[in-house]
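The block underneath contains the structure these notes are about, expressed in C-alpha cells.
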Amino acid sequence: MIADLRRAPAASASWTISQIIGCWWDEHARHTKSADAIWSNIQNIERCLNVAAAIDKLTNAMLMDFRAKRRGEGVQPPTINRDLAYFQAACRHCTLIHKQPAPDVHWSKLKYRENPARHRFAAQDEFAVLMAAADSELRDVILFATLTGLRRGNVLPLEWYQIDLSGKMATIATTKSGQGIIIDLAGPVIEMLLRRRRDAAKARGGIPTGKIFDTKNWRRRWNAARRDAGMIDFRWHDLRHTFGTWARKSGVDLPTLQQAMTHKDIKTTMRYAHVTAEETTSAFAKVAERMAQLTAHPKINLKKTGD
C-alpha cells in the first residue's frame, strides 16, 4: 500500500508505481500546504490503477483505463486531471532525483480539455443589492473581501493583530502562493474596521484581540444573501474577480494588478486584460473609490450596524 511506503525502495530495478508515488509523497508532497488534498488524489490512484506495476511498464492504455474508472465513479474531468497531474509530478520527481525511468506516456493527451476559466463579477448595482440583502456582520466581511481582493481563506480567519489601521495596511501570513504579503487598506474598509474596533473595544473593555469577523454559519448566511439578492451563478470567489475587474475598469495596469492579487504568473492576471483601462493608479485605492460610490446608494448604508 502507498500509505506504508515510508522507506526508500531498492535501487536495483525500476520502482513500482506505488514506490514512485510513495517516495514523492514522503520527500515532497506531505510537506506542502495542500498535503491533505494531495493525499486524497493519491488514494484515487491507488484504488483505480495497478500500482504494483513497474513504472517503466506504465502505458497510455493503463491511464486511459484509470480515467474510465474515475468517470465511472461520477468524477468530473478537472478532478481526474488533478489525479494525473500529481502522478506526473511524482514521476518527474523520481526521474530527476532518483534517476528512475520516465514512463513513455503522453500526459498532455491524457488530460481532459477543461472549460475556460470562469469570469463572474458583480456589477455595481448588483453588488449594492447583495450588500442590502446580507446581514450586518456578513456585509462587513463582503466589503473587506471585495476591497482587498483576498481569498476567503485569508479573510474569514483574519485577526486584529494583522491590522495596522494607522499604517492603513493588513499583513497576511500565508497566501495560496505560499508567501506572506502586506496589502493596502483604503476608503470604506478603513471606516468599517475603525467602527468594528471601537465596538469591540467597548464590548471587551480594552484593545480588541482575536478574530475580526463573526463567521459562525457564514455559508448559510452567504447563500441566503445570494438568494435574496437574486445573484445567479455567483460564488464567494467571485468577490475576488469583482476586485480585479473593478480595478481594471478604474485604470489599474496588469503588472500592478498582478502584485495586488498576488498572482505568481502574469498569465493568471491576463484574464482581466480584456477589461478596458483608462489610467494607472493603485489597485486598492481605485477599488475603494468605486466602493465609496455605493455608500451614497439610497438602498444601502454600509455603516449600518443592525439588520
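The values are calculated or read from the model by the stated rules, or taken from the named source; none is laboratory data. If you're wondering where the values come from, they're calculated on a predicted model, not measured in any experiment. Cβ coordinates were reconstructed from backbone atoms using ideal geometry, including for glycine residues, and neighbour counts include every protein chain displayed. Areas reflect the complete protein model, heavy atoms only, side chains present, ligands, DNA and RNA absent. Shrake-Rupley method; radii C 1.70, N 1.55, O 1.52, S 1.80 Å.
Observations on the structure shown:
- Restricting segment 11-112 to GluC sites (Glu not before Pro) that sit in a DSSP loop and have at most 13 other Cβ atoms within 10 Å of their own Cβ leaves E73.
- In this simple spin-label model, placing a label point 7 Å from the Cα along the Cα-to-Cβ direction at both L96 and A273 gives a separation of 2.7 nm.
- From most to least packed by mean Cβ count within 10 Å, the peptides 122-131, 153-162 give 122-131, 153-162.
- Three-way shape label, segment 94-243, alpha-carbon gyration tensor, a/c 1.5: oblate
- Anisotropy class of segment 129-212 from Cα gyration tensor, a/c 1.5 cut: oblate
- Pair-distance distribution P(r) for the chain, from all Cα-Cα distances in 10 Å bins starting at 0: 5, 22, 25, 20, 17, 9, 2, 0 percent.
- Integer Hz, Karplus 6.51/-1.76/1.60 couplings in order for segment 203-215, x for Gly and Pro: 6, 9, x, x, 5, x, 10, x, 5, 7, 10, 8, 9
- Whole-number percent relative contact order across segment 55-177, with pairs defined as alpha carbons under 8 Å at least 6 apart: 21 percent
- Summary value for the chain: 17 percent relative contact order, contacts being C-alpha pairs under 8 angstrom separated by 6+ residues.
- Database remark: amide H of G251 closer than 5 angstrom to the amide H of E278, E279 (H placed geometrically; neighbours at sequence offset of 5 or more, or on other chains; Pro and chain starts carry no H).
- Once backbone amide H atoms are built at 1.01 Å from N, M169 has D164, L185 as its partners under 5 Å, excluding neighbours fewer than 5 places away on the same chain.
- Segment 21-151 shape via C-alpha gyration tensor axes, a/c threshold 1.5: prolate
- Among the lysines of segment 23-168, pairs at least eight places apart or on separate chains and with Cα atoms under 30 Å apart come to 13.
- Solvent-accessible heavy-atom area per residue, rounded to whole Å², over segment 59-132 at 1.4 Å: 57 Å²
- Value at 222 nm in deg cm²/dmol, rounded to 500, when DSSP H runs of n ≥ 4 in the chain each add -39,500 (n - 2.57): -15000 deg cm²/dmol
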